[in-house]
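The values are calculated or read from the model by the stated rules, or taken from the named source; none is laboratory data. Just so it is clear, the model here is predicted, and its values are computed rather than measured. Heads up, the Cβs are rebuilt from the backbone with ideal geometry, glycines too, and the neighbour counts pull from every protein chain shown.
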Amino acid sequence: MLSISLDLIPTLILSILLFLLGNIIKNKSKLLTKMCIPSPVIGGLLFCVLSLLLRLFNICEISMNTSLMNYLICFFFTIVGLSVSISLVKKGGNLLIKYWLLCGVLAFGQNFLTLILSKLTNINPLLGLMCGTISMEGGHGTAAAYGATLESLGVENACSVGIAAATFGLILAGVLGGPVAKYLIEKNNLKSANSSFNFNKHNQSKISNNFELNPSLFLEQILVVLLCISFGELISKLVFNISGVIIPTISGCVLFAAIFRNTNDKLKFIRLNFKMLDFLSEISLGLFLTMALMSIDLFKLSSLFGPIVIIVISQAIFIVLFSIFIAFKVLGKNLDAAIIISGLIGHGLGATPNALANMTSVSQIYGYSEKAFLVVPLVAAFLLDVFTMPCIILFINLLA
């Protein structure tokens, strides 16, 4: 069987091509557009399935250098951090608090569900726990971190199970978020408060209307993001070296970027151009999701079918029911709530980029929600760990 290994640049070229292909397919498919499936999910999954078929028929095996993903996700989250200001948090108001609490309830529910299903499927509850909040709301990074901890406690294959569950969740997050929001919007006949608002025109205006593109301004924005990433990494390392507590690099980046943003608002160190930052954020988001999905090894994932897959699918069913019958009602049963639900499913099963991609796809059809794009990134990228980390630690100690 032929073995193909792609270096960094070929991998990047492939991810760009797949992103563009996914966008073309989505634009030409009324079904995919109506179902609000993000373009990166379409392109990434197509290549993912192709790789599996090539492997199954012993034609070739493709491996890729996805090290750029770490930089893309840090870049994206740093821009999220730069969008966080005290005034915006206050603007989130009760809706932000409600959503934050709902995410906390979801985290506990996910872990409790794994405990029940682990006993029903007769597997180690700690192994099942890797398919709960750790991999669902936590994602690949959290799965790798806590998986290593559980393996040190004697739980074999904890990392592999967690990463596989996070991968499966990433797929389900992109596939389910848009359709569930579509169902809620059309069932309840929800309309945007601004009926004349056009998301595509709003999106294009970021680069067409007053988008000051010149070398100095562009490099200033890049410099701010890179400096925040560097100091964010430093914060994460210092906390770990001093206390032994693991803080993901992205959390450090968001924290420092938020501090810089609010300090800069008062002292005016540099002029931040948020239209350009939004544009750069969209690029990093799209490439990260495409690269993440196209590099999924379904061949290895298939060996973990059985009880683990049952738990992950049950998690998907649980979050959909939770979103429709509880979260949607608590959040107000309006268009804002429906778009937030697509984000909740996105990061509740996958990651914050899934949430943003889901909300963008829904907004392109049904209208933009300023509240959704304010509340979801704030909670998913920054506030969520306040609930998830204690919840994970609690269940590990209960089951160990």
Those residues of segment 1-59 which are of a type in the set (S, T, Y), within 17 Å of I171 (Cβ to Cβ) and at pLDDT 85 or above amount to S15, S51
Every pair of residues 6+ apart whose Cβ atoms lie under 8 Å, when the first sits in segment 227-255 and is over 19 Å from V379 (Cα atoms) and surrounded by fewer than 21 Cβ atoms within 10 Å (Cβ to Cβ) while the second is modelled with pLDDT under 85 and of a type in the set (F, W, Y):
I246/F240
Among the numbered conditions (1) at pLDDT 85 or above; (2) closer than 26 Å to A357 by Cα; (3) in a loop (DSSP other than H, G, I, E, B), tell me where E212 comes up short.
(1)
For K187, only one of the following conditions fails: (1) over 17 Å from the mean Cα position of the chain (by Cα); (2) modelled with pLDDT under 75. What is its number?
(2)
Filter result (within 23 Å of Y366 (Cβ to Cβ), touching a residue at least 60 places away in the same chain (Cβ under 8 Å) and among the hydrophobic types (A, V, I, L, M, F, W, C)) within segment 20-55:
M35, C36, I37, V41
Can you tell me which of S67, S3, S63 is polar (S, T, N, Q) and over 30 Å from S251 (Cα atoms)?
S3
Restricting to segment 140-162, and then to whatever is within 19 Å of the chain's Cα centre (by Cα) and modelled with pLDDT under 75, can you tell me which residue is farthest from M69 (Cα to Cα)?
A145
When segment 269-317 is examined, which residues are found to be among the aromatic types (F, W, Y) and either crowded, with 24+ Cβ neighbours inside 10 Å or assigned to a loop (DSSP other than H, G, I, E, B) (or both)?
F269, F288, F305
Among the residues in segment 318-328, are any in a helix (DSSP H, G or I), at pLDDT 95 or above and hydroxyl-bearing (S, T, Y)?
yes
Taking I116 and the conditions (1) over 22 Å from L349 (Cα atoms); (2) without any contact (Cβ under 8 Å) to a residue 24 or more places away in the chain; (3) among the hydrophobic types (A, V, I, L, M, F, W, C), which numbered condition does it fall short on, given that it satisfies the others?
(1)
Within segment 369-383, how many residues turn out to be surrounded by fewer than 24 Cβ atoms within 10 Å (Cβ to Cβ) and in contact (Cβ under 8 Å) with a residue 60 or more places away in the chain?
5
Any residue at all in segment 334-350 that is in contact with a Lys or Arg (Cβ under 6 Å, 6 or more places away or on another chain) and either assigned to a helix (DSSP H, G or I) or touching a residue at least 12 places away in the same chain (Cβ under 8 Å) (or both)?
yes
